[in-house]
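First up is the structure itself, then whatever we jot down about it.
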Amino acid sequence: MKYFYITTPIYYVNAEPHLGHAYTTLVADVENRFHKMCGEDTFFLTGTDEHGDKIVQAAQKEGMEPKEYVDRISKMFQEAWPLLNIKPDHFIRTTDPEHIRTVQYVLNKVYESGDIAFREYEGLYCFGCERFYMERELIDGKCPDHGTEPVRLKEKNYFFLMSKYQDWLIDHIKKNPDFITPERYRNEVLSFLKEPLDDLCISRPTSRLTWGIPLPFDENFVTYVWFDALINYLTAVGYPDGDEFKKRWPAVEHVIAKDILKPHAIYWPCMLKAIGVDPPRRIHVHGYWQIKDQKMSKSLGNVIKPKDLVDTFGVDATRYCLLREMAFGLDASFSQKAMTIRVNADLANDLGNLVSRIITMLYKYRKGVVPQPDDYESIDRELISSALSLKGQWLNLMEEFSFHRALSSIWEFINKVNKYIDTVAPWALFKEDKDSLRLNTVLYVMLESLRFIAIYIYPVMPETSEKIFDALGLNKSEILTKNLTYWQLLPVGSKVNKIKPLFPRMELEDKNKDKKNKIEKDKSKKKEGKKMEDSADKADKKDNELIDISLFQKVDLRVAQIIDAEKHPNADKLLKLKVKCPDERTIVAGIAEAFPNPKELIGKQVIVVSNLKPVKLRGIMSYGMLLVAKDKEGIHLTSVLTPAEPGTKIS
Ligand code: MSP
């Protein structure tokens, strides 16, 4: 059996969960689901880090006792993850009694092996980071993270003699190129290790701090918060005893952001070496979510709460966008607008439309029953081979945490399926011959492609994947068996279920709305009264009756080919048209009275205004407007006199 053990940092309980924490935990969840699909025995750990100065200060600020305070915030973290469909197997807290026991066990072990020394130390201490800094680490004499000047402290403390493991660590990193990924962080650690390592101060006198785990060999000290925290990864799998530890530890992989690279890539392997435990298998390091070039953090007051994102976008759209927008390892800028654009383009348009398109056609042409495919033609075989060959790429990219690339290759396939449908034109096959065998094959290829897509998206969008499986009449548990190796597993003759639109399109918020409103208000204040304003408006209009050519040039008129037309489900006067101009889009048009049989419009060329702001018409988004003439006879479509390429500009 292959094992997989994934961890997130345990988060400080001095702040509520925000998008930064959510991203790391989401990455761990996605990898955990992925490895589970690969048939591995997986374990996913997250939790909270609850000791130290920072926490005491945060509790004091709230006028609470530390324990009462940590209970409250830890609960917020525990409750945040289900909202994002993140499912850890265990939630650890450093105040758990078994963790306290493990930390003391490790301390004793290191102490007994002679790797801990008691020394007087004078150094520059940052209370925010809860650690001493070397002069060379400071920027303009200030802490690089907090921008505050560290305080000179002189005290007796216990030190972990980390420096003696420096050469071993360098050697380990060099021999294991995957130990720290992406490579830039491996290089960063190796370059840091070119200078001699200091020993690590691992105690704090109880005169200064009592909220910590007492040193088992000196009750006048508590353990330094990092020495305590890192050990959580061992506690959770039952170190030092038991099978659980033996089987899980060799498979452990940590996910962190770059802020805590040094404790994970330097202190931690040395601590483990000192107690005779192997270093973690891999450490995966990602960049920061930023808002306007600044790291998102509580201290900067620029945090986005995961719950707000889920409320606005939904669970799977949030999961998708976070993984698609950040190249793992690099910083990424968060913007609600970018997210909205992604949701509309990738989810509502590409994926959502594809799913409803395929199922709608199956209902229209085969009453929702999966048909028996006939012989495949070369265009089918091409698509099938894309579906199958995506597997290797997907496995590699997911394995190396390249989520944005994995998703973009799935979307390439989704676009291929959309293109396939446009090319084979099932509606034309149906028109030609209702019982066409070719149409059976085409429908089967479309449905089976959907099954592949549902599997590929599962780790990132489990809910959507399950909805598609449900619609295909398949058992959800089959997703986990990940049958991407075989084509044609969808049972012929089975019934497909109708499905609600997966991702409704989202309105792009008008960023300048508030500004515009304010200008409007100021304007109206200046005017003397409503009447005067109205007559001024009228005068303006008269002057504007003749328009300048530049105004006309703003209107983008195009030749559009109607590729599908149907009655609007909620309005008698409207038709829902699918047009090509040259991109495919939906236009809702008020021409139903002239076309009681909308299908006759398929294939016709019309003129559309293609750069109108999208509007929702009775629940359906319309992307453009059809130009028609209306007289007492009724409605007349406008078109070009000879057929033109769809999308040709009218000038
Ligand atoms: N308690 C320590 C970790 C101990 S692990 C043995 C700690 N806690 S923390 O609450 O500050 O969490 C830091 C982690 O939160 C980062 O490494 C990252 O996983 C996540 N993030 C916090 N802010 C972030 C961003 N702005 N962007 C991306 N991730 C961020 O350090």
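If you go through the range 215-261 and keep only what is more than 16 Å from the ligand (Cβ to nearest atom), open to solvent by 10 Å² or more (accessible area, probe 1.4 Å) and touching a residue at least 24 places away in the same chain (Cβ under 8 Å), you end up with P216, F217, D218, F221, P240, K247, R248, P250.
Inspection of the range 361-383 identifies no residue that is within 20 Å of P462 (Cα to Cα) and touching a residue at least 60 places away in the same chain (Cβ under 8 Å). Name the residue, out of V445, V417, that is closer than 23 Å to T586 by Cα and in a helix (DSSP H, G or I). Exactly one of V445, V417 is closer than 23 Å to T586 by Cα and in a helix (DSSP H, G or I), namely V417. Would you mind stating whether M64 is away from the ligand (no atom under 15 Å from the Cβ), touching an Asp or Glu at 6+ places or on another chain (Cβ under 7 Å), outside any helix (DSSP H, G or I) and not polar (S, T, N, Q)? Against the criterion (away from the ligand (no atom under 15 Å from the Cβ), touching an Asp or Glu at 6+ places or on another chain (Cβ under 7 Å), outside any helix (DSSP H, G or I) and not polar (S, T, N, Q)), M64 does not qualify.
Let me confirm something: among D178, D167, D198, D171, which residue is open to solvent by 60 Å² or more (accessible area, probe 1.4 Å), within 16 Å of A117 (Cβ to Cβ), more than 16 Å from the ligand (Cβ to nearest atom) and not in a strand (DSSP E or B)?
One residue alone meets the criteria, D198.
In this structure, does D53 turn out to be away from the ligand (no atom under 15 Å from the Cβ) and surrounded by fewer than 23 Cβ atoms within 10 Å (Cβ to Cβ)?
no
Across the range 118-131, the qualifying residues are those that are within 45 Å of the chain's Cα centre (by Cα) and of a type in the set (A, V, I, L, M, F, W, C), and the one among them that is most open to solvent (accessible area, probe 1.4 Å) is F127.
Search the range 541-563 for residues being modelled with pLDDT of 80 or more and open to solvent by 40 Å² or more (accessible area, probe 1.4 Å), and hand back the single one that is farthest from R357 (Cα to Cα). Show your work before the answer.
Here is the first cut: in the range 541-563, the residues modelled with pLDDT of 80 or more are 552, 554-563.
Then keep just the ones that are open to solvent by 40 Å² or more (accessible area, probe 1.4 Å); that gives 552, 554-555, 558, 561.
On the way: F552: 36, K554: 33, V555: 30, R558: 24, Q561: 18 Å.
Only one residue fits best here, namely F552.
Conditions first: (1) over 19 Å from E325 (Cβ atoms); (2) open to solvent by less than 10 Å² (accessible area, probe 1.4 Å); (3) in contact (Cβ under 8 Å) with a residue 12 or more places away in the chain. P279 passes all but one, so which condition is the exception? P279 satisfies all of (1) over 19 Å from E325 (Cβ atoms); (2) open to solvent by less than 10 Å² (accessible area, probe 1.4 Å); (3) in contact (Cβ under 8 Å) with a residue 12 or more places away in the chain except (2). Among the residues of the range 370-408, the one identified as surrounded by fewer than 15 Cβ atoms within 10 Å (Cβ to Cβ) and under 21 Å from G352 (Cα atoms) is S408.
Given the options A59, A22, name the one that is touching a Pro at 6+ places or on another chain (Cβ under 7 Å) and within 20 Å of Y224 (Cα to Cα).
Numbers: A22 fails: within 20 Å of Y224 (Cα to Cα).
Only one candidate passes the filter, namely A59.
Residue check: is F430 among the aromatic types (F, W, Y) and under 21 Å from the mean Cα position of the chain (by Cα)? Considered against the rule, which asks whether it is among the aromatic types (F, W, Y) and under 21 Å from the mean Cα position of the chain (by Cα), F430 comes out as no.
Looking at E98, E79, which one is farther than 21 Å from T223 by Cβ, in a helix (DSSP H, G or I) and away from the ligand (no atom under 12 Å from the Cβ)?
Exactly one residue qualifies, and that residue is E79.
Does at least one position in the range 337-358 carry a residue that is buried (at least 20 other Cβ atoms within 10 Å of the Cβ), over 27 Å from D583 (Cβ atoms) and not assigned by TED's automatic domain parsing to the domain that holds A406? No, there is no match, as no residue in the range 337-358 is buried (at least 20 other Cβ atoms within 10 Å of the Cβ), over 27 Å from D583 (Cβ atoms) and not assigned by TED's automatic domain parsing to the domain that holds A406. For the range 1-17, the set of residues classified as near the ligand (Cβ under 7 Å from one of its atoms) and either among the aromatic types (F, W, Y) or surrounded by 20 or more Cβ atoms within 10 Å (Cβ to Cβ) (or both) consists of T8, P9, I10, Y11, Y12, listed by residue number.
Among the residues of the range 564-587, the ones that are open to solvent by less than 10 Å² (accessible area, probe 1.4 Å) and in a strand (DSSP E or B) come to 5 in all.
The values are calculated or read from the model by the stated rules, or taken from the named source; none is laboratory data. Computed from a prediction, not measured in an experiment: that's the story for all the values here. Here Cβ is always computed from backbone atoms with ideal geometry, including for glycine, and neighbour counts include all displayed protein chains. Areas reflect the complete protein model, heavy atoms only, side chains present, ligands, DNA and RNA absent. Shrake-Rupley method; radii C 1.70, N 1.55, O 1.52, S 1.80 Å.
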